[in-house]
Amino acid sequence: MELTFRVILEEFLSDRGLTQTAFAREIGVKQSQVSEWLNGKAKPGYDILKRMATSFHISADYFLGITDYPDI
């Protein structure tokens, strides 16, 4: 089964114990943007995806559903 971005992000936040607000603050977006991603209403663009990967030292491939969840 192919995971959607929404599911991948939910899993990531849960596994890291992050709130939407903390995650948003870390990557420099509003919490409402993260909420839209989690509700499947929007997806992050290239620049934000790059910040997500850089901020958490994870390949962008993970957030794109290309690779499995990284070891933490």
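The values are calculated or read from the model by the stated rules, or taken from the named source; none is laboratory data. All of these numbers come straight from a predicted model, not from anything done at the bench. The area values use the complete protein model at the heavy-atom level, side chains included, leaving out ligands, DNA and RNA. Shrake-Rupley method; radii C 1.70, N 1.55, O 1.52, S 1.80 Å.
With contacts taken as Cα pairs under 8 Å at a separation of at least 6 residues, the chain carries a relative contact order of 31 percent.
Under the rule a/c < 1.5 gives rounded, and otherwise a/b versus b/c splits prolate from oblate, where does the chain land using the Cα gyration tensor? It is rounded, given that a/c, with a ≥ b ≥ c, falls under 1.5. So what is the calculated 222 nm ellipticity per residue for the chain, using -39500 (n - 2.57) for each DSSP H run with n of 4 or more, over all residues, to the nearest 500 deg cm²/dmol? Taking each H run of at least 4 residues, the total per residue is -16500 deg cm²/dmol. Counting only heavy atoms of the protein chains and using a 1.4 Å probe, LEU49 has close to 20 Å² of accessible surface.
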